[in-house]
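S.K.: Below is one structure. I have some questions about it.
The values are calculated or read from the model by the stated rules, or taken from the named source; none is laboratory data. Not measured: the values here are computed from a predicted model. Neighbour counts run over all protein chains shown; Cβ positions are idealised from the backbone, glycine included. Areas reflect the complete protein model, heavy atoms only, side chains present, ligands, DNA and RNA absent. Shrake-Rupley method; radii C 1.70, N 1.55, O 1.52, S 1.80 Å.
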Amino acid sequence: MLTSGWRSRRRPAGAATRLARRLRAERPAGALSTNKVAVLGHLYRHGKSTPGEITAAEHQQPQSLTRVFADLEADGLVTRSRGERDRRESVLDLTAVGLDALTRDMADRDGWLAAAIGGLTETETQMLRIGAALMNQLADAP
């Protein structure tokens, strides 16, 4: 049970960091870089986006992701087209190959997480769902 191992000295932010670290450890060898997963995940969640929209949403500097965008495009995981409202900007979109790569990359982590959640009580699972929704809300805050 989740609550039996809780120590009052552990901070909630520390728990989030520990869980993120554990999920990274569950990544298979040869997995996509975290920046590539972040870009593909953004395109999956939000649809077509400009590089600027992605860098802002991921709290990155544009130069940090320029190479990532190029690599993803070269690997056929995203397409790049001209923007409809401003023909000078480019718009990235997730391809079917990109969605498959993202799904495969997440499969091992999802499997581990599902097994771990399976050991929780129904109340703990509901609390986790609420906590996850709140964490997403915090992550999207300006």
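S.K.: Would you report the distance distribution of C-alpha pairs in the chain as whole percents per 10 angstrom bin, up to the bin with the largest distance?
M.R.: The calculated distribution, bin by bin, is 10, 33, 33, 17, 6, 1.
S.K.: Could you state the accessible area per residue of the chain in Å², with a 1.4 Å probe and every protein chain left in place?
M.R.: 69
S.K.: If you don't mind, another one. Helix 12-25 against the longest principal axis of the chain: what's the angle in degrees, Cα atoms only, rounded to the nearest 10?
M.R.: So the helix axis and the longest Cα principal axis differ by about 60 degrees.
S.K.: For helix 96-118, report the angle its Cα long axis makes with the longest principal axis of the Cα atoms of the chain; keep it between 0 and 90° and round to the nearest 10°.
M.R.: The two axes meet at around 10 degrees.
S.K.: Follow-up. Ordered by packing density, taken as the mean number of other Cβ atoms within 10 Å over each peptide's residues, highest first, how do 81-90, 55-64 rank?
M.R.: Highest-to-lowest ranking by the protection proxy: 55-64, 81-90.
S.K.: Out of the total accessible area of the chain (probe 1.4 Å, heavy atoms of protein only), what percent is carbon and sulfur? Spell out each step's value before the answer.
M.R.: On the way: 5440 of 9840 Å².
Roughly 55 percent, rounded to a whole number.
S.K.: Suppose a student asked you for the relative contact order of region 6-142, using Cα pairs under 8 Å spaced at least 6 residues apart; what percent would you report?
M.R.: Reported as a whole number, the value is 26 percent.
S.K.: On C-alpha positions alone, give me the angle between the axis of helix 122-139 and the longest principal axis of the chain, in degrees, nearest 10.
M.R.: 40
S.K.: Right, something else. Could you give the size of the charge dipole of the chain about its Cα centre, using +1 on the Cβ of each K and R and -1 on the Cβ of each D and E, expressed in debye and rounded to the nearest 20?
M.R.: 620
S.K.: Along the charge dipole of the chain, pointing to its positive end and built from +1/-1 on Cβ of Lys, Arg, Asp and Glu, which listed residue (GLN63, THR123, LEU92) has its Cα farthest out?
M.R.: Value: THR123.
S.K.: Order 73-80, 21-28, 44-51, 117-124 from most to least packed using the mean count of other Cβ atoms within 10 Å.
M.R.: On the way: 73-80: 15.9, 21-28: 12.5, 44-51: 14.4, 117-124: 11.0.
Sorting 73-80, 21-28, 44-51, 117-124 by mean packing, highest first, produces 73-80, 44-51, 21-28, 117-124.
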